[in-house]
Amino acid sequence: MPETTSPETTSPETAGPETKTLVTVTVNGERCSAEADVRTTLADFVRHRLGLTGTHLGCEHGVCGACTILVDGAAVRSCLMLAVQADGHRLETIEGLADGDRLNPLQEAFHRNHALQCGFCTSGFLMSVTAALRDGPVSTEAEAREVLSGNICRCTGYAGMVRAVLEVSGTASPAPRPAGEEPVEEAQPPRGEA
Amino acid sequence: MKPPRFTYHAPTTLEEATAVLREHAEDAKVLAGGQSLMPLLNFRLATPGHLVDINRLPGLGEPERIEHGWRIPALVRQRQVELSRAMAVSAPLLTEALGQVAHAQIRNRGTICGSLAHGDAAAELPSVMLALDARMTMLSADDIRTVAAGEFFLFHLTTTVRPDELLLSVEFDDPPPRTFSAFAEFALRKGDFCLAGAAVSVTLGDGDAISRTRVVVAGVAATPQRLRVVEDIVTGTRGDDDVLAAARDRAYAEINPTGDVHADAEYRRGLAATLVRRGLATAIAKGRDHA
Amino acid sequence: MDVVRAPAGTGNRMVGARIGRREDRRLLLGQGRFLDDLDMPGAYEAAFLRSAHGHARILGIDVTAARRVPGVIGVFTGEDVRPMMKPLPAKVAHPALQDFPRLPMALDAVHYVGEPVAVVVAENRYIAEDAVELIEVDYEVLPAVASTADALAPGAPLVHEGARDNIAVHVVQEAGDPGTAFAVAPHVLEETYRITRGGGHSMECRAVAARYDTVTRQLVVWDSTQAPHYARNALANLYDMPEDDIRLIAPPDVGGGFGPKAQFYGEEAVVPWVAMQLRVAVKWIEDRRENFVSAMMERTQTHRIRVAFDDDGMLLGLHDVFEHDQGAYVAGLQVPMITLTTVPGQYRIANIHTELYSCYTNMVPTSSVRGAGRPQAVAAMERMMDRVAEKLGLDPAEVRRRNLIQPEEMPYRVGLIFRDGSPLTYDSGDFPRLLAGVRDRIGYDDQRARQAEMRAQGRFLGIGIACYVEGCGLGPYEGAKARLTNNGEVLLTLAAAPQGQGYETVYAQIASDAMGLAMPHIRVTTGDTERIPFGQGTFASRITATAGPAVHQAAGKLRDLIFTSAIVMLQLPAGTTMAFHDDRIGPRDDPSRSVTLREVSQVANVGRHGITLLHGVPAGLETSSYFAPERAAYASGAHGVVLEVDPETGRVTIDRYVIGHDCGTVINPMLVDGQVLGGFAHGIGNALYEEQFYDDAAQPQTTSYLDFALASALEVPPVELFHIQSPSPLNPLGAKGAGEGGTIPAPAAIAGAVEDALRPLGARINDLPITPPKIVAAIRRARTEGR
């Protein structure tokens, strides 16, 4: 981190009581209000005040992208905003993507292409891609990688995610669904991958 | 990595904002897009007693067309400018550089003015503004003043903005007709702060001779550095390979960067000189394609 | 990719199939349950004060101001937790180890920046951090050691006061007669390589929560760990408690591991302890800044390697002396011990000398990170293979081919002792086929022609190949339980805990085949010491080869019990051949007579109070199995890369990448591919990006993702991946590890290709990762040296 000269510190001992404020937001179409300290980050507010723990914190300095959510439709790092700044704004999080119980096409494509492993970073990727796809389809692999480049995944190597993004854009034909769990009737050779 | 305690101010008028800044001055920080300040708060490298959130100030959110140029007020997000077609026509250097600033998620929130006020010498926008001969306007409770980009950046992370001031806007003129530009930077990964960068433009005159040149390098000094002697080598020529080679060598001689853990000084020096040459070559090629 | 075959004769239908993961749904819906997602009402949060110095005496600690902060309920220093202050033992030790105690928190000295010094417990993390800033520590700063070279220098300051020197352990292994081999060899080449590896950097940092249940008098600990039983055992030892009084749970979702979470840390000991003292639930969520300074990493090895060879490039001897950076304490010697035996790799070398100097430094202790000591060994060896080829004017792929151990030589004894204590023996593998597969797919000869054309145009194309072996599937054992539940479901309980590997899916596949029961009737649960008493953990690519057979056996035994019960319930003749028909059990060829799993469970498990069990029905349908492999199995592979180097900027652009991989039987090809490709991304980081820096005072210089580069989707190139399957004879599934093969040879292959690209300039690539400034410096050096 770059160094900065800090002005005189207000010590927690000498500071007055923590200033609390009421924050009202629309989250995934629903209006919610909750109290927060003014220094509470939007990420902590969403996770711990609103109970939407699908958004994760991976670095808290805006690089890893795990905490990416949409604010008024734009993908932003929720670790780099204060909750109080979101007051009156519209939030979208991973919990709002599915249609009830049904995975949306992007979520389906992530499943089909094994685009997640531990799943910790997944919500951030889904939100970044969701925002990008609203601007139009992603037509090349290079573009897909650019769209994904603002988030870090340590498990997958990104290959499945690149395919998923292209598929949802209609650029690549969908991968075959992974085999189901029902028994195969005949002892047929298990599927390999080309 | 949670922000320290502070008193939060969300002024809704400029008067209020500047009054708060005057009152708390050294102990206050302006919060605009927050993409530089919030990490510093989370790391507790900045511990201001007062945070002045200017996001609720009216009328600062859209770029404005002014006579022969643009004014970009304090709350214009980087992404807005990046996606503006009008801006791509009149300030393509800015558009090109913005595409290399961090990632879309940061640019959605980060402001142009915020990046300038932060004054990171390895950031893209300060060097672009220097190459565009931009002017910065600061507002305080007492006065309003405008300085040229060349006087705005004082040192790495230090600008001429006083603690009681707000960087209200940045303005720049449309470049002369037949000006072509390029932003050439090199970072370990796309979106990282660059190890070196070059913001360049050339203006083509009669017979495609270069009538005006701008060469600014980033990441190799405590502020963005304009290389006038290099510009002089290029201006008046047609920018052929030998001229560009001479420009590169002169740039190399002019730059005196320091090294750090990521890159030694010699590397940065050679890299910046190479980027000057490549940037010029790209800009000139754009001009030739255009003709 | 080659079609995946099931092992012959097992009638497998699920093993080998590309089954979609059960885990995905909850994660895609944002309903994963990572540790900090767990709802723990009333939990307090902890924050640690950490050492600001690489080496210092603690003269005093003043926590008065911190205690006064409203919302703080406790501040503990090392002195305050003395009753449980015992050294945390090294995971892998050695009789010759010069050991220094690693305590849960510092007492009177600190030995690295980031070492825990005190802990604050408060209403929330914000307040806890406020209070941490108010703790005053009076340090007497001592000289610090910031590299293995400094550690070994004459007159070096001592990492630990009173130490003999800074050498933790010195180990030599020999096979054959290397002295003579080098004395008589026609050619000898020597080189020094410095190889830095990054950290684990799981996206979820470490995390621990604990609550003492005053009613059951049980301590419940949630730990984002790869090894729940290992952590439970450590706590039982530190707290001097019976193992059953501690329930340690790895949450269903752990956000990546990659090695560092398989170690045991002071924080894991301190947090449950203070929760017990305060009688409240306490959680500690490591933040990224802490992760950078206090999570174990792998860091740096320096190899001085010599090879002896004849005019045909046949290897006659190998001599490798290397320094390993152990950090301030020996958390385990597994990494350097693995390196020690991985150097010879796929090559037949009769005479070997490998020698380790494991050094103390004043930096965070090191431990396994995906690859665990193998990437360094492979880099040193493979770079020498390139040099041998260069010296003799031979093709580097051909030199490799000539030296490969042949499939018919399996099992092959290398002559060294592996880190599991057994003679280093490759159990299986087909190295020539891997190399040939990589050559074919990358179009090796065409690429050489293209390289020549591009060189003529002044462009720098390079081709690199690296081969490796990976000892995996380590002991001592792994366990599984299988049980028929009251609702007619087969519940598999694994001791091991996953961090994204898909255990809930993979082990249901294995059990499905073992039982002949459809997967939907099988559920998998993991990572809870209360559900299964013994286990080791997920590390060293060991689980498929250890827990896999355990599951296979436990499930098979349960099937037999279920069939026996059904035969009695259906009044069938003993010995009737039974089968599952969906959730019903009946004679294989007469599905009309059957009972359901639930009915069997009602009779055999639930029973009726006071009524005699049907004669012949086994009481309590539950089985367990622990599988202990005889020794490590060997996975293997080869990587090939074509890349271009820009000599002015040092930019490396990867053009083609091919991976040939052999992990024996593939249980789920989709998931194995995921493991390999994910490991590859880590290898790209190790090759080109990830490097920690410390200054001379051992102050870390890379403590954020602005300074430490993890590869994004733009940096990880597409890969062509193929598998061959040489099943291991050491376990009934034939399985080997798959999690590290993507990582291990990537730095070696890329370094080789970069040097190959720059061969016309004579630049030497001896320092990894290969960052652009290093490439440009190597070119500059070659020019000044007039190569």
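Name the pairs whose Cβ atoms lie under 8 Å apart, with the first residue in segment C:74-97 and aromatic (Phe, Trp, Tyr), the second buried (at least 19 other Cβ atoms within 10 Å of the Cβ) and modelled with pLDDT of 95 or more, and 6 or more positions between them or separate chains?
C:Phe76/C:Met105; C:Phe76/C:Ala118; C:Phe76/C:Val119; C:Phe76/C:Val121; C:Phe76/C:Val270; C:Phe76/C:Val274
Of all residues in segment A:144-160, which are closer than 15 Å to B:His103 by Cβ and either hydrophobic (A, V, I, L, M, F, W, C) or more than 11 Å from every other protein chain (Cβ to nearest Cβ) (or both)?
Within segment A:144-160, A:Ala144, A:Val147, A:Leu148, A:Ile152, A:Cys153 meet the criteria.
Which of the residues belonging to segment B:61-83 are more than 14 Å from chain A (Cβ to nearest Cβ) and surrounded by fewer than 20 Cβ atoms within 10 Å (Cβ to Cβ)?
Residues satisfying the conditions are B:Glu62, B:Pro63, B:Glu64, B:Arg65, B:Ile66, B:Glu67, B:His68, B:Gly69, B:Arg71.
Pairs only if they're at least six apart or on different chains, beta carbon under 7 angstrom, first in segment C:156-169 and of a type in the set (Gly, Ala, Ser), second buried (at least 22 other Cβ atoms within 10 Å of the Cβ); list them, first residue then second.
Partner pairs satisfying both residue conditions: C:Ala156/C:Val145; C:Ala156/C:Asn166; C:Ala168/C:Gln326; C:Ala168/C:Val330; C:Ala168/C:Ser358; C:Ala168/C:Cys359; C:Ala168/C:Tyr360.
What strands (runs of 3 or more DSSP E) lie completely within segment C:340-435 and have 3 or more residues being surrounded by fewer than 20 Cβ atoms within 10 Å (Cβ to Cβ) and over 20 Å from the mean Cα position of the chain (by Cα)?
C:412-417
Give just the number: which of (1) under 17 Å from C:Gln326 (Cα atoms); (2) under 28 Å from the mean Cα position of the chain (by Cα); (3) crowded, with 22+ Cβ neighbours inside 10 Å does C:Tyr193 not satisfy?
It is condition (1) that C:Tyr193 fails.
Looking at C:Arg598, C:Arg559, C:Arg593 in this structure, which one is of a type outside the set (Asp, Glu), farther than 26 Å from C:Gln334 by Cα and not in a helix (DSSP H, G or I)?
C:Arg593
Checking the structure you have, find out if any residue of segment B:239-254 is modelled with pLDDT of 95 or more, within 22 Å of the chain's Cα centre (by Cα), within 14 Å of chain C (Cβ to nearest Cβ) and outside any helix (DSSP H, G or I).
no
In segment C:176-195, how many residues are in a strand (DSSP E or B), touching a Lys or Arg at 6+ places or on another chain (Cβ under 8 Å) and either free of Cβ contacts under 8 Å to residues at least 12 places away in the same chain or not β-branched (Val, Ile, Thr) (or both)?
The number of residues fulfilling the criteria is 5.
Can A:Val84 be described as part of a strand (DSSP E or B), within 7 Å of another protein chain (Cβ to nearest Cβ) and of a type in the set (Val, Ile, Thr)?
Spelling it out, it is not the case that A:Val84 is part of a strand (DSSP E or B), within 7 Å of another protein chain (Cβ to nearest Cβ) and of a type in the set (Val, Ile, Thr).
In segment C:313-331, which residues are at positive phi and part of a loop (DSSP other than H, G, I, E, B)?
Within segment C:313-331, just C:Gly313 meets the criteria.
Taking segment C:596-615, which residues are surrounded by fewer than 19 Cβ atoms within 10 Å (Cβ to Cβ), at pLDDT 90 or above and out of contact with any Asp or Glu (no Cβ under 9 Å at 6 or more places or on another chain)?
Residues satisfying the conditions are C:Glu599, C:Gln602.
Quick check on segment C:529-549. Is at least one of its residues of a type outside the set (Lys, Arg) and in a strand (DSSP E or B)?
no
Could you grab the pairs with beta carbons closer than 9 Å, sequence gap of 6+ or different chains, first residue in segment B:177-198 and within 14 Å of chain C (Cβ to nearest Cβ) and over 18 Å from B:Arg268 (Cβ atoms), second one polar (S, T, N, Q) and buried (at least 22 other Cβ atoms within 10 Å of the Cβ)?
B:Lys190/C:Ser712; B:Gly191/C:Ser712
Please indicate, with yes or no, whether at least one residue in segment B:107-129 is within 14 Å of chain A (Cβ to nearest Cβ), crowded, with 24+ Cβ neighbours inside 10 Å, assigned to a helix (DSSP H, G or I) and among the charged types (D, E, K, R).
Within segment B:107-129 (the criterion being within 14 Å of chain A (Cβ to nearest Cβ), crowded, with 24+ Cβ neighbours inside 10 Å, assigned to a helix (DSSP H, G or I) and among the charged types (D, E, K, R)), the answer is yes, since at least one residue qualifies.
Tell me which of these C:Gly479 doesn't satisfy, since it passes every other one: (1) part of a helix (DSSP H, G or I); (2) under 30 Å from C:Phe539 (Cα atoms); (3) touching a strand residue (DSSP E or B) at 6+ places or on another chain (Cβ under 6 Å).
Condition (1) is where C:Gly479 drops out.
Just one of A:Ala115, A:Ala172, A:Ala144, A:Ala109 is more than 23 Å from C:Gly32 (Cβ to Cβ) and buried (at least 24 other Cβ atoms within 10 Å of the Cβ); which is it?
Matching residue, one of A:Ala115, A:Ala172, A:Ala144, A:Ala109: A:Ala144.
Quick check on C:Glu690: is it in contact (Cβ under 8 Å) with a residue 60 or more places away in the chain and touching a helix residue (DSSP H, G or I) at 6+ places or on another chain (Cβ under 8 Å)?
Judged against the criteria, C:Glu690 is not a match.
Find the residue count for segment A:98-130, including only residues that are more than 8 Å from every other protein chain (Cβ to nearest Cβ) and either within 24 Å of C:Phe258 (Cβ to Cβ) or not basic (Lys, Arg) (or both).
Total satisfying the criteria: 15.
For segment B:138-177, name all the residues that are of a type in the set (D, E, K, R), closer than 24 Å to B:Leu57 by Cβ and in a strand (DSSP E or B).
Result: B:Arg145, B:Glu171.
Please go through segment B:119-138 and give me each residue that is touching a Leu at 6+ places or on another chain (Cβ under 7 Å) and not hydroxyl-bearing (Ser, Thr, Tyr), ordered by number.
If the condition is that a residue be touching a Leu at 6+ places or on another chain (Cβ under 7 Å) and not hydroxyl-bearing (Ser, Thr, Tyr), then B:Gly119, B:Asp120, B:Leu125, B:Pro126, B:Val128, B:Met129, B:Ala131, B:Leu132, B:Met136, B:Met138 are the ones that fit.
Please enumerate the residues belonging to segment C:642-672 that are hydroxyl-bearing (Ser, Thr, Tyr), crowded, with 23+ Cβ neighbours inside 10 Å and part of a loop (DSSP other than H, G, I, E, B).
Result: C:Thr665, single match.
Please go through segment C:216-239 and give me each residue that is more than 14 Å from C:Ala262 (Cβ to Cβ) and free of Cβ contacts under 8 Å to residues at least 40 places away in the same chain, ordered by number.
If the condition is that a residue be more than 14 Å from C:Ala262 (Cβ to Cβ) and free of Cβ contacts under 8 Å to residues at least 40 places away in the same chain, then C:Thr216, C:Arg217, C:Gln218, C:Val220, C:Leu235, C:Ala236 are the ones that fit.
Would you mind stating whether A:Glu141 is out of contact with any Asp or Glu (no Cβ under 9 Å at 6 or more places or on another chain), acidic (Asp, Glu) and within 14 Å of chain B (Cβ to nearest Cβ)?
No.
Quick check on this structure: which one of B:Leu157, B:Leu168, B:Leu125 is aliphatic (A, V, I, L, M) and more than 30 Å from C:Phe708 (Cβ to Cβ)?
Going through B:Leu157, B:Leu168, B:Leu125 in turn, the sole match is B:Leu168.
Against the conditions (1) in contact (Cβ under 8 Å) with a residue 40 or more places away in the chain; (2) more than 12 Å from chain C (Cβ to nearest Cβ); (3) assigned to a helix (DSSP H, G or I), where does B:Ala285 fall short? Just the number, please.
Only one criterion is unmet by B:Ala285, namely (1).
The values are calculated or read from the model by the stated rules, or taken from the named source; none is laboratory data. Model, not experiment: these values are computed from the prediction. Reconstructed Cβ throughout: ideal geometry from the backbone, glycine too, with neighbour counts over all protein chains shown.
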